[in-house]
Every structure is written in structure tokens, then in C-alpha cells.
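Student: For reference, the structure I am asking about is given below.
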Amino acid sequence: MMGQPPTPSYDSRHVYHLLLTSRYLTSRIIPLLAIAAVALCVALVIVVVSVMTGFLDMVRDSGRTLMGDVVISYPINGIPWYEDLIKEIEALPDAQAAAPMVETIGVLRMPYPRGSAKEPKMVQIWGIDGERLAKVTTYEETLMWSNIPEQAKPYVELDRIYQPVIESLDRGQRIEILRISPWENTDSMNDSQVADLAGAITNPEWIEHIRYVLVNSPETFRGSLSSDQIVLMQAALAAEEDMPPLQDQVLRDGVTLARNGQPGIVAGIHVSDANRRDSEGDYQVGGGGHWWLPRYEGALTTIPVDASGGTLEPETEILPFVNEFSSGVYAVDEIRVMIPLEVAQRMMHLDQAEIVDEMDPTKVIGIEPARATMILVKGKDGVSETDLRSSVEKAYSSFLDSVATAHPNGPAPPVPGINPSLQILTWEQQNAGFIGPVEKERALMRTLFSIVYVVCAALVLAIFWAIVYEKTRDIGILRSIGASRPGIVWIFLLYGLVVGVIGALFGLALGWIITINVNGIHDLLAQPPGWLAWGLAALTAVVLIATIIKLFSGRILPVVLGIMGTGILGLFTALVFILDASGGVVIWDPAVYYFSEVPNTIDLPEALITMAGAVIFSLVGAAIPAARAADVDPVKALRYE
Amino acid sequence: MNDDRTQPILEAVDLHKTYRMGSVDVPVLRGSSISVSAGEWVAILGSSGSGKSTLLHLLGGLDTPDPGRGDIRFDGRPIAKLRRGDRNRYRNRDVGFVFQFYHLLPELTVLENTLLPGLVGSRIRADRDRARTLLGSFGLDHRLNHRPRELSGGERQRVAIARALLNRPRILLADEPTGNLDQETGREILELLKREHESGLTIVMVTHDRQIADLTDRTVVLNRGQVE
Ligand SMILES: Nc1ncnc2c1ncn2[C@@H]1O[C@H](COP(=O)(O)OP(=O)(O)OP(=O)(O)O)[C@@H](O)[C@H]1O
Ligand SMILES: [Mg+2]
């Protein structure tokens, strides 16, 4: 009969490890502390990484929805015969839709402040066809105003009522009104200066002046009015008494970029500095609705560039604001304005033009086609951006061929390689500038919070060290009945493993709950409800009373614990009361972070990695005490009680 | 049976054990020899600090004598020279330890404490019936699921003896098993040992009480590290 070869750890596959580990876990408080520590570490990392990942996803999503999947761009000069290119692209099996646009920069004169010195603003101008852009991007969903906001409604109504009155005023009357109205200091101005001011101020300002004059000095004013104007003003005053419901056209106007057939501007929500986001993430229009941008007109100026790259005379268009958009990316919303494609092409001299004979300007010798500086392409569902990009590149070269045959004498489109500014990029490449930093930030956060693992391991080490110290005698007993040294190591490693796994599971649960409710928790901090403060106060009182009762028990520990508990709870209570009084703290200020909600989806793969990390570091933490346990001298451990 | 009694089951010759305290060597055992025959009940008598526990630990394979100075044989096998795994096996199978301070694991129940050598040993399924029988014969049937702290000193020592006997060791090593008990309870424990001895168990018991030593088959005296 063959004897089983003796191995040093002949006992390591047996069940006493499990028995001891489970008993050590259930009958003591210290391991619960270790589990709690691991759980808190895991929860912390899960929450932070999930929020960061959610944030990154939001940024990426918004980047994509703004741009479509693939972008062909040839700035300033633009691509001629672009409609042919779009036909070529839309014929691709990969592509769903394509939209042309022109992009340039310019200066927008804002309607604020009151008076003649309006503020100009640097803007990026996108000339678009709203309906076509809406097929490629989520443009329509980004439009801010589907209705006139409640606050602005009275103002819009006034605008409508007084429109005919304002239009009927002649130069002299305007000067007279401004001289009477206290809103403008015209005392030291001569008539032509006042006339300049009259030319600068907006219709809503005129309404204020007219109403003041009508109410306060009707007699002095009446003399200079025609009977028709008196009728108009009486009608306006009467209409103010009884405002009919408004017709809401705003959303439609945003898509068509026009109001009553007139081209208009759709501005990014942060182009107007009068717009503010409150802590709830809602937009507040400045002046209680007064500065609602679609009440006004903006003067948009840009400098066109000629075919040789030189600048031409600036072009200015005065266009009404018809809507605003909110894309989700602050950097876009503070600078971009949309105008109709044809208007932008006209302003940049990229519109279709007839080429005339230099000798005889009435003789048309050719057509200069309209141009687009960007073509945004959206792929069919399931088509990857990179695949779509290569299809689009192919479509572009066949477009070049067809242009060469169809328009042999017309201007040639830019050619890849020869015109370096011509780029065909995926949305991700195009937006690398703002996705990159957020990605780096997430990596940084993850690295920083990985230090938590080390804390986790250190906690487990300290706690297990204490446990091993406390269990020295038990280790001696186990050795005296034949347990091997590897067997003893395994007890504590298993113990560490179990603590790590249970802690990681609790951490996942805790992290999940926190992440899912992160907005609720945030609101709780921002506006602590009354019950929280009073509930905490009641709890503090209970603990305090229990502590006082324990004073007579003769034991010190419960009293110390009670005093500490009272202190900590009291601190929290005070904190909540202070928060209540001071209006709460807003950690995730939507005005800063842009997104109105904290991202609250758990990043499960990251969470699993975090959990695995916690388990490994728990084992690392347990390994040192376990080794120490193996080195316990059983004779010394057993000698005394 | 009579042949067995003359045959030494455990034999120690010229044991030396020296503890180092800082830079000073403290010799505890200086050439102690002892021979225990199968079925014998031997008492080791000696004053406090004479090295009784040290000798017992060496006999039980918990500790080793100074290198090359002394030989311990169990059934003819040299214990001190065993490989680690085999020494663990020796402690688990061949000997059973009983201590003055019971040394039960506080988290485990009486039954689990008793089963422990079975669980540590090779058997995956420990011998529950054996543990129950032992505890039953020691009058502890109603205590199986109690924790050690709920037991009296005498009961705890009986659990410790049951644990020591679980794997049917050839020899029981008891270090002042009654040292922590009152006289009445101590006598009960000795009765119990006597019963086990009568059914064939070899016992080596350390005591400093001559009256207790007189209950055994044979008494050896340990004085200044030597058996007299
Ligand atoms: N690890 C050690 N280091 C130094 N000296 C030790 C060590 N262990 C035991 N000793 C000493 O060895 C001597 C013998 O100890 P041992 O425990 O064997 O005595 P004992 O006869 O069992 O005494 P008691 O009756 O008090 O239990 C004592 O003087 C003790 O102080
Ligand atoms: Mg002793």
C-alpha cells in the first residue's frame, strides 16, 4: 500500500478554515469594521468613477449630436457644387442624410444694455438649412423655446401691440419722445445726437418710452401726433387692458430660421449674457423676461474673403432673433449663432453669382456656384463612424470625377492632399479638443481615487494585525492539535478574502444606491428638508439621554461612545441647520457643470474592476498579519492564560 | 496486554532545552530522560519552573530540543527529526494535549471544539458521532451547542479532554489538568482520566501536587532540569 506523501500543508484543503472564518466574522465587531471600511472605499470609487464616466458620455453624446457622424470641411473658401456632393453621399448605402452649411466668425450686436452703447459679441456663425440639419443632428431638440416663456409673454404681447405705433413715428416725434422720457439723459444732447440714439435703441425700448410719454405727458405730446397715430395709440392702450392669447410659433421659427418669412437668428443660449441658469438647472431670462432674446433684433457683421484670400468690405445683416438653442456644451452655446444658409452665403460671398464679361457687364459668361464650408453626414444605424468616413471619402473622389466632366470650365472643388484644409473627419476626431480633456480628467480621478485601495489595504492590515494579536492563543491551540503553518496562513487569507468580497459587494450596493440617487442626495444638500434637521436633533437628544443614563452604569466605554456619538450627531445637526439657514450648498452647480443633472448611471465594468481591486488589496492587507500568525510560536502562545 | 506495558511507546533520552533570554542562555532541561510504556499512567512531578511543561511540549512535538542534544522516539520513530508536515500529523493523530487553562476556541461551540482535531486532520467529514459519544460519556450531552464561556471550569476541561481524544491518540499529554480547578472538580477530572486509562489510554500528566501524582502508576520527579 502506498503511503500518501506528506505535504507541509496536509490540512489546507480542510473545512476548519471555513468554520473559523465564518465564526470569526459573525461573532466579532472588528471584522465588521474591516468590511465597512472596504465597502466605503469601494462605494467611493464606484460613485466617483460612475459620475465621471456619465459626465464623459454626456459630453461625447452632445459632441456627436452637434456634428453628425462625419464632417467634410473646407473652411472659408467652401466647396463648390456641394449639392452634387450631397447627392453622391446620400446615395451611399452607409449614409442616412447630409446637410450643407457655411461657417465663419463675426460680431453680433446684442440688444443690451439700454441706450445707444450696445454690447458687441464675438460669435461663430453657422449658416444652416434648419430642416436639413435636423435630419443630421438633433438640432430641433436643442431649440430652447418651444413656447414663449411665461415671464416673457407680457413683453411679447406689448411688442405686438405697439409695433404699429413705433412704425408710425417719424424722426421728429422720436426725438421729442426721447426728450420727454426720463429713461435717457438727453438734456445735454443736440437734436442730431438724439436722432443717433433713436436709431440705436430697440423696439422694446421704444415701448417703454412711448408708454411713459402716453401716461405722464399726454398733452405736450398729443400736439405732435397725427390723428391716425392717436387712434393707433388708443388702440394699443386698449389692447393692453385685454390681451388676446399669443400665437406660439417660436419652435417652428427656430427650425426655419425665419419669422413671418423674414430670415432670423437662432443664438446659443449663452450668447446672451442676460440668460442665467439657476441652481435647479432652469434658465432664467434676465430682467424677469424683459431680455428674452426673441423680442429683439441683432446686427450680425462678418468679413467676407475673396477667391484670392483677401478680405472684402464687412457685410452686416440686421436679423430678428427667432429662437435660442441649448446644445449641452457650454463652449458651443456661448459662441454659436445659426442663420439661414443663403443669408450666410450672401454675407460671405459664397452664394451663386453670375460671371459677367469684363468689357460688357450685361453679358453673362458663366456661373459661380454657391459653396458650403462644411457638409455634416449622418450614418445609418449600426454603421461605425470610421466605416462611414471611408465611404464618404470614396464618395468625395467620385464627386471630384463627376464635377470634372459636368463643369469642366467651372471652379474645381478642393482635392484631398492638394488642399490641406480639406478634411474628412469623424465627429470624434473633430471634437477631440473637448472630449480629450474630460477623458484625461477621468483618468486622473481614477488614479487619484485608486489611492483609496491603499487606504483599504492599510485598514485591513491594521484590523487583521489586531485580530491576529488577539488570536495568538487560538493559533497556538490550532498548532497544538496539528494545524500546519500554511493552514494558519490560509485561515487569515480566507478571512481577508471573505472580508474583501463581502465588503466589495456591500460597496457595490452602497455605490449603486448613492449613484442612482445622486441627484436626490444633491438636492438634499442643496435644500435640506426640515425633517432632516429636526430628525437629527431628536436623534442627538436620544443619544445624549442614553449617555446620561449610562453615566450611572459604572462603565466608561459606553459613556465615551455616547459622548462621541452626541458630539458627531450634534455637529451634523448644527451643519444641517446652518445649511438650512444659508440656503444649502450646491456642489454640482449646473451653471458651472452645464448639465442640469448629475450623471446617475452606474459604470458596471468599472465597478467590477473596482471590486476586484478591493478584494485583491484586502488580501494584500491580510497577507502580512497572516504571515505573522504563521510565525506564532505555539509554545509561547499556550504557556499562559 | 502485559507485553505492551513493558514496551516503551514514548522514549526521551538526554533531552536538553535552553532558552535564550537576551544574551543569557537559560538551561531548562539538562539531560532529562523518560520512558513511557504503552498503557501506563505516568506523573511528572516537579516544582514550579522546573521545566515540566517544557518537557511535555518536547514530548508532544510542539517544540524541539536543542539541536543534536537529545532524542525523542514515538513507537521507535524519532520525533524531533520529523519533517514539519509529519510533525503536524504526529500532533494531530498520535498525541492529544490537555492544558491547565483548557484552551478552547471561544467562537466555537462545545461540539465544534471537540471536532476540531478531526477537521484539521485529513478527514473532510469529521467524526461527529465519535465527538458526541465522547462528550456524552463525559456528561456533556446537553452542552453540545454551548460556547465555552457558558461552561464551568470542570466542564471546559472535560471538553478539552474530549477534543484531545477525538482522533484516538495513542498517548494523552496533560499539563496540570486540575491546576485551575477546585479540589472537588479536580477529583472528577482525575476520575475521568482514570477511567480512560483503565480502558487502555497511555497518559503522561504533569503536576506539582504529590497527592495527585500518587494516583498514577508511576511518578518521575523533575528537578533542576533532570529526571530523578
Ligand atoms: N520562552 C522562554 N524564554 C525564556 N525562558 C523560558 C521560556 N519558556 C520557559 N522558560 C523558563 O523555563 C523554565 C521552565 O518553564 P516551564 O514552564 O517548563 O516550567 P514548569 O515546570 O511547567 O512550571 P509551572 O509549574 O509553573 O508550570 C522557567 O524558569 C521559565 O521561566
Ligand atoms: Mg507548567
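Student: Quick check: residue separation of residue A:412 and residue A:216 times 0.36 nm, minus the Cα distance between them. What number comes out in nm?
Tutor: Working it through step by step, the gained length comes to 64.0 nm.
Student: Can you figure out the FRET efficiency of residue B:93 with residue A:470, using R₀ = 22 Å and their beta-carbon distance, to the nearest 0.05?
Tutor: Efficiency at R0 = 22 Å is approximately 0.15.
Student: Can you give me the Cα centroid spacing of region B:166-211 and region A:311-334 in angstrom?
Tutor: Measuring centre to centre over Cα atoms gives 99 Å.
Student: Quick check of the Kirkwood formula: for region A:15-81, what is the inverse mean of 1/r over all pairs of different Cα atoms, in Å?
Tutor: Averaging 1/r across every pair of different Cα atoms and inverting gives 17.3 Å.
Student: Based only on other Cβ atoms within 10 Å, what is the fewest-to-most ordering of A:604, A:85, B:181?
Tutor: Result, fewest neighbours first: A:604, B:181, A:85.
Student: Report the net charge of residues surrounding residue A:368, where surrounding means a beta-carbon distance below 11 angstrom and charges are Lys +1, Arg +1, Asp -1, Glu -1.
Tutor: That works out to -1.
Student: Here's a follow-up. With both bridge residues required to lie in the protein assembly as shown, what share of the DSSP beta bridges run antiparallel, to the nearest 5%?
Tutor: Taking every DSSP beta bridge within the protein assembly as shown, about 70 percent pair in antiparallel fashion.
Student: Same structure, new question: With r defined as the distance between the Cβ atoms of residue A:171 and residue A:135 and R0 fixed at 51 Å, what FRET efficiency is calculated, to the nearest 0.05?
Tutor: 0.60
Student: How far apart, in nm, are the 7 Å Cα→Cβ label points at residue B:14 and residue A:531?
Tutor: 8.6 nm
Student: Roughly how crowded by other chains is peptide B:104-110, in terms of the mean Cβ count from those chains within 10 Å of each of its Cβ atoms?
Tutor: That average works out to 5.
Student: Then there's this: Need one number: nm distance between label points at residue A:386 and residue A:226, each 7 Å from Cα along Cα→Cβ, rounded to one decimal.
Tutor: Going by the 7 Å Cα→Cβ label model, 7.1 nm.
Student: Mind checking region A:88-175 for trypsin sites (Lys or Arg not before Pro) that DSSP puts in a loop (not H, G, I, E or B) and that have at most 16 other Cβ atoms within 10 Å?
Tutor: Passing sites in region A:88-175 are A:114.
Student: No solvent, one uniform scatterer per C-alpha: report log10 I(q)/I(0) for the protein assembly as shown via the Debye equation at q = 0.08, 0.11 1/Å, two decimals.
Tutor: The computed values of log10 I(q)/I(0) come out as -0.87, -1.25.
Student: Shifting gears a bit: With N set to the residue count of region B:24-136, report its C-alpha Rg divided by 2.2 N^0.38 Å to two decimal places.
Tutor: Computed over Cα atoms of region B:24-136, the ratio equals 1.23.
Student: Based on other C-beta atoms within 10 Å, arrange A:110, B:205, B:21 from fewest to most.
Tutor: The fewest-first ordering by Cβ neighbours comes to B:21, A:110, B:205.
Student: Suppose the chain between residue B:191 and residue B:21 were pulled fully straight at 0.36 nm per residue; how much longer would it get relative to their current alpha carbon spacing?
Tutor: Residue separation times 0.36 nm, minus the Cα-Cα distance, leaves 57.2 nm.
Student: How many angstrom separate the Cα center of region A:396-412 from the Cα center of region A:523-578?
Tutor: Spelled out, the Cα-based centre of one part sits 80 Å from the other.
Student: Can you pull out the trypsin sites (Lys or Arg not before Pro) in region B:42-127 whose DSSP state is coil and whose Cβ has at most 15 other Cβ atoms within 10 Å?
Tutor: B:69, B:81, B:83, B:123, B:125
Student: From other protein chains only, count the Cβ atoms within 10 Å of every residue's Cβ in B:84-97, then give the mean.
Tutor: 5
Student: What does the charge add up to near residue B:194, with Lys and Arg as +1, Asp and Glu as -1, over the other residues with Cβ less than 15 Å from its Cβ?
Tutor: -3
Student: A further question on this structure: Which percent, nearest 5, of DSSP beta bridges in chain B are antiparallel?
Tutor: Taking every DSSP beta bridge within chain B, about 50 percent pair in antiparallel fashion.
Student: Once fully extended, how much extra length lies between residue A:146 and residue A:260, figured as 0.36 nm per residue of separation less the alpha-carbon to alpha-carbon distance?
Tutor: 39.4 nm
Student: Continuing with this model, one more query. Checking the table A:118/A:153; B:52/B:81; A:135/A:378; B:17/B:81 against a 20 Å threshold on Cα-Cα, which pairs fail?
Tutor: A:118/A:153; B:52/B:81
Student: May I ask for the Rg/Rh ratio of region B:170-219, computed from Cα atoms with Rh as the Kirkwood radius, given to two decimals?
Tutor: Taking Rh as the inverse mean 1/r over Cα pairs, Rg/Rh reads 0.92.
Student: Find the relative contact order for chain A and round it to a whole percent, using C-alpha pairs within less than 8 Å whose residues are 6+ positions apart.
Tutor: 27 percent
Student: With each pseudo-label sitting 7 Å past Cα toward Cβ, what's the residue A:360-residue A:447 distance in nm, one decimal?
Tutor: 7.4 nm
Student: Something else: Just rank A:356, A:42, B:120, A:59, fewest to most, by other beta-carbon atoms within 10 angstrom.
Tutor: If I rank by nearby Cβ atoms, fewest first, I get A:356, A:59, B:120, A:42.
Student: What are the principal axis extents of the Cα atoms in region A:528-583, in Å, biggest first?
Tutor: That gives 44, 14, 9 Å along the principal axes, largest extent first.
Student: Here is a further query. Starting from the coordinates of the alpha-carbon atoms of chain B, obtain the Kirkwood hydrodynamic radius over all distinct pairs and give the value in Å to one decimal.
Tutor: 18.0 Å
Student: Net charge around residue A:632, counting only other residues with Cβ within less than 10 Å of its Cβ (Lys, Arg = +1; Asp, Glu = -1)?
Tutor: Every neighbour counted, the sum reads +3.
Student: As an exercise, identify the chymotrypsin sites (Phe, Trp or Tyr not before Pro) in region A:111-170 lying in DSSP coil whose Cβ has no more than 11 other Cβ atoms within 10 Å.
Tutor: Filter output for region A:111-170: empty list.
Student: Tell me what chain A gives for mean residue ellipticity at 222 nm when only DSSP H runs of n ≥ 4 count, each as -39,500 (n - 2.57), the sum divided by the residue total, rounded to 500 deg cm²/dmol.
Tutor: When only DSSP H runs of four or more count, the value is -18000 deg cm²/dmol.
Student: Rounded to the nearest 0.05, what FRET efficiency do residue A:548 and residue B:149 give with R0 = 35 Å and r taken as the Cβ-Cβ distance? Could you check?
Tutor: 0.65
Student: With +1 on each Lys and Arg Cβ and -1 on each Asp and Glu Cβ, and nothing else charged, work out how big the dipole of chain A is about its Cα centre, in Debye to the nearest 20.
Tutor: Roughly 4660 debye, rounded to the nearest 20.
Student: Give me the Kirkwood hydrodynamic radius of region A:103-219 in Å, from all C-alpha pairs, to one decimal place?
Tutor: Radius from the Kirkwood sum: 17.1 Å.
We did not get these values from a lab; they are worked out from the coordinates using the rules stated. Since this is a predicted model, take the numbers as computed values, not measurements. Cβ atoms come from the backbone with ideal geometry, glycine included; neighbour counts cover every protein chain shown.
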